[in-house]
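Asker: Below you will find the structure I want to go over with you.
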Amino acid sequence: MSFQTFEPGDTKQFTWQASVAPDAAPNLRIYSLSDDTVIASMTGQQSDSTHFWTLYTLPATEGYYRGEWHARKTLLGSAYHVVTAFVVQVRQTRRP
């Protein structure tokens, strides 16, 4: 699995894109992989009907974190829950 690495406390923009517009703005949840707890939850801001973004300041604690975008789409009377997940590493750059 590939992941991006960020400095502790960095503020980053996370984006989500769909091929069809969701029923409402998706929610981004950030989990600590050390104990699988939700440490943040925020609603995406809409760029257009299928593109969303949010800014998030990463934890000061080094480690691995899982992000999950959660969205819902109703088609022909059936509701679909869409989850898009990714992993990031928070690590302080160490100079030699």
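The values are calculated or read from the model by the stated rules, or taken from the named source; none is laboratory data. The shown structure was predicted, so the numbers you read here are calculated from the model rather than taken from an experiment. Here Cβ is always computed from backbone atoms with ideal geometry, including for glycine, and neighbour counts include all displayed protein chains.
Asker: Taking residue 48, is it out of contact with any Asp or Glu (no Cβ under 8 Å at 6 or more places or on another chain) and free of Cβ contacts under 8 Å to residues at least 24 places away in the same chain? Write out each step before concluding.
Answerer: Numbers: out of contact with any Asp or Glu (no Cβ under 8 Å at 6 or more places or on another chain): yes; free of Cβ contacts under 8 Å to residues at least 24 places away in the same chain: yes.
Answer is yes for this residue.
Asker: Against the condition among the polar types (S, T, N, Q), surrounded by 13 or more Cβ atoms within 10 Å (Cβ to Cβ) and in a strand (DSSP E or B), how does residue 13 come out, does it pass? Walk me through it before giving the result.
Answerer: Details: among the polar types (S, T, N, Q): yes; surrounded by 13 or more Cβ atoms within 10 Å (Cβ to Cβ): no; in a strand (DSSP E or B): yes.
The answer is no for residue 13.
Asker: Here is a further query. Return the residue satisfying two criteria in turn: it lies in region 62-96 and is among the β-branched types (Val, Ile, Thr) and surrounded by 12 or more Cβ atoms within 10 Å (Cβ to Cβ), and of such residues it is farthest from residue 38 (Cα to Cα). Steps first, answer last, please.
Answerer: Within region 62-96, the subset among the β-branched types (Val, Ile, Thr) is 74, 82-84, 87-88, 90, 93.
The next check asks that each one be surrounded by 12 or more Cβ atoms within 10 Å (Cβ to Cβ); those that pass are 82, 84, 87-88, 90.
Values: 82: 18, 84: 16, 87: 14, 88: 14, 90: 16 Å.
That would be 82.
Asker: Of a type outside the set (A, V, I, L, M) and either loosely packed, with under 11 Cβ neighbours inside 10 Å or at positive phi (or both): is that true of residue 36 in this structure? Steps first, please.
Answerer: Details: of a type outside the set (A, V, I, L, M): yes; either loosely packed, with under 11 Cβ neighbours inside 10 Å or at positive phi (or both): yes.
Against the criterion (of a type outside the set (A, V, I, L, M) and either loosely packed, with under 11 Cβ neighbours inside 10 Å or at positive phi (or both)), residue 36 qualifies.
Asker: Here's something else I'd like to know. Could you tell me which residue of region 39-57 is surrounded by the most Cβ atoms within 10 Å (Cβ to Cβ), considering only residues that are of a type in the set (Gly, Ala, Ser) and farther than 17 Å from residue 74 by Cα? Explain how you work it out, then say what you get.
Answerer: Here is the first cut: in region 39-57, the residues of a type in the set (Gly, Ala, Ser) are 40-41, 44, 47, 49.
Keeping just the survivors that are farther than 17 Å from residue 74 by Cα gives 40-41, 44, 47.
On the way: 40: 16, 41: 12, 44: 21, 47: 12.
Checking each candidate, the answer is 44.
Asker: Right, something else. I'd like the full set of residues that are of a type in the set (A, V, I, L, M) and under 23 Å from residue 89 (Cβ atoms), limited to region 10-56. Lay out the reasoning, then the answer.
Answerer: Here is the first cut: in region 10-56, the ones of a type in the set (A, V, I, L, M) are 18, 20-21, 24-25, 28, 30, 33, 38-40, 42, 55.
Once the filter is applied, which keeps residues that are of a type in the set (A, V, I, L, M) and under 23 Å from residue 89 (Cβ atoms), region 10-56 yields 28, 30, 33, 38, 39, 40, 42, 55.
Asker: Of the residues that sit in region 7-41 and are in contact with a Lys or Arg (Cβ under 6 Å, 6 or more places away or on another chain) and touching a residue at least 12 places away in the same chain (Cβ under 8 Å), which one is nearest to residue 55 (Cα to Cα)?
Answerer: Of the residues in region 7-41, the ones in contact with a Lys or Arg (Cβ under 6 Å, 6 or more places away or on another chain) are 22-23, 31, 33, 38, 41.
Now drop any that are not touching a residue at least 12 places away in the same chain (Cβ under 8 Å), which leaves 22-23, 31, 33, 41.
Working: 22: 20, 23: 21, 31: 16, 33: 20, 41: 11 Å.
The qualifying residue nearest to residue 55 (Cα to Cα) is 41.
Asker: Further question on the same structure: Looking at (1) modelled with pLDDT of 95 or more; (2) closer than 20 Å to residue 6 by Cβ, can you tell me which one residue 71 breaks?
Answerer: Checking residue 71 against (1) modelled with pLDDT of 95 or more; (2) closer than 20 Å to residue 6 by Cβ, the one that fails is (2).
Asker: Quick check, is residue 19 part of a loop (DSSP other than H, G, I, E, B) and either at pLDDT 95 or above or small (Gly, Ala, Ser) (or both)? Please lay out each step first, then the result.
Answerer: On the way: part of a loop (DSSP other than H, G, I, E, B): yes; either at pLDDT 95 or above or small (Gly, Ala, Ser) (or both): yes.
Yes; evaluated as a whole, the condition is true for this residue.
Asker: OK, next. Are there any pairs, at least 6 apart or on different chains, whose C-beta atoms fall under 7 Å, with the first in region 63-92 and aliphatic (A, V, I, L, M) and the second part of a strand (DSSP E or B) and loosely packed, with under 13 Cβ neighbours inside 10 Å, and if so, which?
Answerer: Close Cβ pairs satisfying both conditions: 88/4.
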